[in-house]
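Read the structure below first, then the notes.
Only the coordinates and a few stated rules stand behind these numbers; no lab work does. If you're wondering where the values come from, they're calculated on a predicted model, not measured in any experiment. Don't worry about glycine lacking a Cβ; one is built from the backbone with ideal geometry, like all the others, and counts go over all protein chains shown.
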Amino acid sequence: MMLKRLLAFTAWIVLALSFAGTANAQAKPKDWDALVAAAEKEGQLSIAGPPGDTYRSALIGWFQKKFPKIRVEYNGASGRDQVPRLARERQSGVFNWDIYIGGPTSPLGALKPIGAFDPLPPELILPEATDNAKWHDGFRSGFMDVEEKLYYAFDGTTSDVLYVNADIVAPSEIKAYKDLADSKWAGKIVWEDPRQEGSGLNSALLYKLTYGEAFIRKLLAEQKIIFTRDRRQLTEWIVRGRYPLAVSLPSDQLKIFLEKGIGKNVKQVEDAHFIQSINPGFGAFGILNRRPHPNAAKLYANLLLSVEGQTSWAKQSGGRNSRRSDVPIGDPEAALKPGIKYIQSQTEKMVAQRQLMAKISREVIPQ
Amino acid sequence: MAGPRIPAVGARLRAWRGSLNGGVILMALLIGVMGFYVIYPLVLILINSFNTATIAEPPVYGLQAWRDAFSEPGIWRSLWNSIRVGVTLQIVALPIGICISWLLARTNIYGAGVFELFFWISFIMPTVATTFGWMLLLDPNTGLVNTTIRGWPIIGSITFDIYSFWGIIWAHLVSNGISTKVMLMTPAFRRMDASLEEASRMSGASTWTTMWRITVPMMTPVIIVVVLLSVIRIFSSFETELLLGVPWGFYVYSTKIVDLARQEPPLVNQAAALGSIILVFLAAVIPLQRRLISRRQFTTVTGHFKPRIVDLGAWRLPATLLVALVVFILDFVPILSVLGGSFMTRFGFFHLPKTWTTEYWRMALGDPRLTNALENTLIVAVSAAVIGATLFSLIGYVIVRTKLPGRSILDSICWLPSAIPGVLSGLGLLWLFLGTPVFRPLYGTIFLIIIAYILGGITLSTQIFKANFVQLGNELEEASRMSGAGFWRTYWTVVLPLMAQTMVMVGVIKFMFAAQHASSIILLATSETRTLILLALDQVFSGHREVASITVVFIMTLTLGVALIARSFGLKVGIRAE
């Protein structure tokens, strides 16, 4: 009897494993192994990516571990440095890079018009990477370009607009984001400079979309807001309470303070009536054409969008989330909630609006 | 002063100068190389200022970028603010710099050598580190100084606010406003012939009268160069104003240029239009400095050279204490800021359960990128220092000591790069290297970074040499030529040893420039050729300012080590007051 049970159990295990093996084999396309072999033969992958060790680790650490035969050349810089360089290189006939990863505005504004990107869909052969059910609002909603084929945002972090230092201002004192215009907050707000591309501009745009141009003009012009480009300084100011209200607080910077037990007094203000948006930050990418390592690039693009790649992004990018629903959440406060319709405020369609907002900011901010 | 010449000497000199008509080739070569490197990117920048298309579109030329740039809100006020900061800073810093240089080089204050070393240390401190340090002390709400004195009687009501006009002036003074002047003027004071000072005192003038009536006028070339370099720096300095001015709405001209160049996508053409105005300003300054320096005779090191020091008598101790106080202010805060910051759990947070940690040092030392960046920094900085100092000494010598045609062109070329903020010159270099087929195979290698750094800091290096050559009498060179030595032999065996301290100083400045300046190479480097400063920027971006402090400690230690070695070598072979 005992032996029978043991045999039955063993048979069940073998069956389960064989099914799992079949499912796994089905998850990979038939030419996957050939792709891996070709990529390993190329031996290198060149990525122009966002700056900072945090993003570098999140984007390539797992890949290097998985494919030690493929050396990853990773050049980290912000879009304002990276894009003019790539554009000039390509205009001079130098094609050194396989993949560009970074915020959508610069590459869509300067690299797309010179035809620098190849369409992504033909490169994405891993079913798991493009599984519609696994991506918030479907896979296609991540495309940032008008044609929906060149530049893809995998990041799914919501725009956290307003934070308070709860030691100085009770979060209940601010019922809605428009309360910021109350004169009692004049001189107490710090904001990442909205005259340049970035989170500060994104927040200003959301204010404009929610309350209209007249409101944001008045807010920026009259509230004696402190504008800074130093994200760490901005975070430190609200943590210390020098300025108790912060717009466009960088969550990755706050996380650095929280890790050491500082900044627990900084709380996000919720406002359900404010427009909800996804701010992909640096979490978007495109495959460059005339790339030197086409197979390695294809392999990486597929795996970046897989559970493995997106898990690394969510866990190691310092508080960012993925648009994939089957990976861990990096920042619960900025996670996408089911049933809510978010706008993508950095798509190509929004570029004109962003530029207009930057222009308004330059006009109205006292100097 | 130069002694009477005998006709034979004149004949030999003419013959020697004639032989330099291989020298015309030398001049053509220098103008060609420097012109290509300096003028070509500037022309590209200027052309771009008329290009109204974005970087992705084919060029369309017009004046729209100029119109847009000069209709930027607050642009004229920012220009006025730059002038206010620059002029105020010079009014305060120049007299202090002159006094300290004179005390160090020409008097018997205690520990002059040690003090001078500390001014070098202050000079090599990154401006941003100094500014952060003072923000920690003088923030009106949380600054250590303000919170400490708040309960004190009488002065308790005073608040020192670093975020103010005078806060900005203070930050400039203590970062390099004073130390640059001391660095540049002390060697020149040291080389000055004491004969005139002695004559003054023999005529009954006091030490101070002699200093202001004799010594300072003799130092005119160096002082003019120092002032002009500082004035031009008004238009390129922006880190301090960005940190201390922007929070209360105080903008300077360079902040505006950087703003435009760092838009996404960058508005390079508008930034270039604003940068072009500085070129116009320079066009006025260059002839002015040539005229000022050429009007009088400033030779101080001659065949009769007597370097002597002045006995301060009863003023010796007070003067020593005064310099010690300045050194303390200049060095203590930034060293504490950089070194202390690297051991703090969070920079500036003194009330945490665990304030101090070695975690970041372990993190930094275990990072293989640090070793790679250190190696790259050493390669590029040593190459830039050695090759750059040699090249610029030759340029300075040719401009000051020969009658070759084209000297004023070469001189003007050397002034031009100082007009363009780093963010624009970095773009210019990228265009230069990618647009020139001969450089393209080197693109992505460390050689281009070395070339960028060798030729970086042209203005400062050349002007230092020029100012010092103007002070150098020509009898020793004439003696060399009389003994049959040619141009190159005289240059290597007579001129360079006399200029050893200046060579060392320029070498150290170039080393420091290469170790600390990122903007000119940020578009040229790759992960393989990344230097320490680029690594530090990367760490700052990640929010790991504490780890970046460690990288800065490495940069400072490297620079200081090189400065000490070079200085001891320079003092051995150079001229010292006894």
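Brief remarks follow.
- Over 32 Å between alpha carbons, listed pairs A:Lys149/B:Lys256; A:Lys337/B:Lys354; A:Lys30/A:Lys149: A:Lys149/B:Lys256; A:Lys337/B:Lys354
- Computed over region B:125-183, the quotient of the alpha carbon radius of gyration and 2.2 N^0.38 Å is 1.23.
- Distance from the C-alpha centroid of region B:27-74 to that of region B:470-494: 43 Å, rounded to the whole angstrom.
- The value obtained for the protein assembly as shown, namely the Cα convex hull volume divided by the number of residues, is 199 Å³ per residue.
- Helix A:351-364 axis, angle to chain A major axis (alpha carbon atoms, nearest 10°): 30
- Here the scattering of chain B is modelled by Debye summation over its C-alpha atoms, one equal scatterer each and no solvent; at q = 0.11 Å⁻¹ the log10 of I(q)/I(0) is -1.11.
- For region A:101-190, the Cβ-based charge dipole about the Cα centre amounts to some 340 debye (Lys, Arg positive; Asp, Glu negative; other atoms uncharged).
- Here the residues B:His517, B:His351, ranked from fewest to most Cβ neighbours within 10 Å of their Cβ, fall in the order B:His351, B:His517.
- Restraint check, A:Lys112/A:Lys255; A:Lys178/A:Lys255; A:Lys218/A:Lys260, Cα-Cα greater than 29 Å: A:Lys112/A:Lys255; A:Lys218/A:Lys260
- Direction-averaged projected area, Cα convex hull, region A:285-324: 3.1 nm², rounded to one decimal.
- Violating pairs (Cα-Cα greater than 19 angstrom) within the set A:Lys175/A:Lys359; A:Lys134/A:Lys349; A:Lys41/A:Lys298: A:Lys175/A:Lys359; A:Lys134/A:Lys349
- Burial ordering of B:Ser164, B:Ser179, fewest other beta-carbon atoms within 10 Å first: B:Ser164, B:Ser179
- Note on region B:337-449: Rg/Rh from Cα positions, Kirkwood definition for Rh, rounded to two decimals, is 1.16.
- Calculated P(r) of region B:202-268 - Cα pairs past 13 Å, %: 74
- Charge dipole of region A:240-367 about the Cα centre (unit charges at C-beta), most positive-ward option of A:Gly319, A:Pro280, A:Pro292: A:Pro292
- Over region A:25-175, all Cα pairs binned in 10 Å intervals from 0 give whole-percent P(r) values of 9, 29, 35, 17, 7, 3, 0, listed from short to long.
- For A:Lys224 and B:Tyr40, a Förster radius of 35 Å and the Cβ-Cβ distance give a FRET efficiency of 0.15, rounded to the nearest 0.05.
- Positive-end residue of B:Met218, B:Ile379, B:Thr559, charge dipole of region B:7-573 with Cβ unit charges: B:Met218
- Positive dipole terminus of the protein assembly as shown, leading residue within B:Phe469, A:Gly43, B:Leu282 (C-beta point charges): B:Phe469
- Largest to smallest principal axis extent of the C-alpha atoms in chain A, angstrom: 77, 67, 34
- A Stokes-Einstein calculation at 25 °C with viscosity 0.890 mPa s, built on the Kirkwood radius of region A:244-332 over Cα pairs, returns a diffusion coefficient of 157 µm²/s.
- Relative contact order (%) - criterion: Cα under 8 Å, at least six apart; region: chain A: 26
- Tilt relative to chain A, helix A:307-316 - C-alpha long axis, 0 to 90 degrees, to 10: 40
- Long-range HN-HN contacts of A:Ile343 with modeled amide H, under 5 Å: A:Gln276, A:Ser277, A:Ile278
- Cα convex hull of region B:73-207, projected area averaged across orientations, nm²: 12.5
- A DSSP coil position with no more than 11 other Cβ atoms inside 10 Å describes the following GluC sites (Glu not before Pro) in region A:96-170: A:Glu147.
- Estimated [θ] at 222 nm from DSSP helical runs (n ≥ 4, -39500 (n - 2.57)) normalised by residues in chain B, nearest 500: -20500 deg cm²/dmol
- Legend: helices of chain B (whole DSSP H runs) are marked when their alpha-carbon atoms reach 30 angstrom or more along the helix axis and their mean Kyte-Doolittle hydropathy is at least 0.5; marked are B:23-49, B:75-106, B:268-294, B:368-401, B:545-573.
- Taking amide hydrogens as placed 1.01 Å from N in the peptide plane, the amide H of A:Val269 sits under 5 Å from those of A:Leu162, A:Tyr163, A:Val164, each at least 5 positions away in sequence or on another chain.
- For B:Thr107, the amide hydrogen comes within under 5 Å of the amide hydrogens of B:Val310, counting only partners 5 or more places away or on other chains and with H modelled in the peptide plane.
- Global size of region B:411-539: 18.3, 59 Å for Rg and Dmax (C-alpha atoms, Rg to one decimal, Dmax whole).
- Helix A:79-91 axis, angle to chain A major axis (alpha carbon atoms, nearest 10°): 60
- Cβ crowding within 10 Å ranks A:Tyr74, B:Tyr40 as B:Tyr40, A:Tyr74, fewest other Cβ atoms first.
- The value for region A:72-145 of Rg(Cα) / (2.2 N^0.38 Å) is 1.26.
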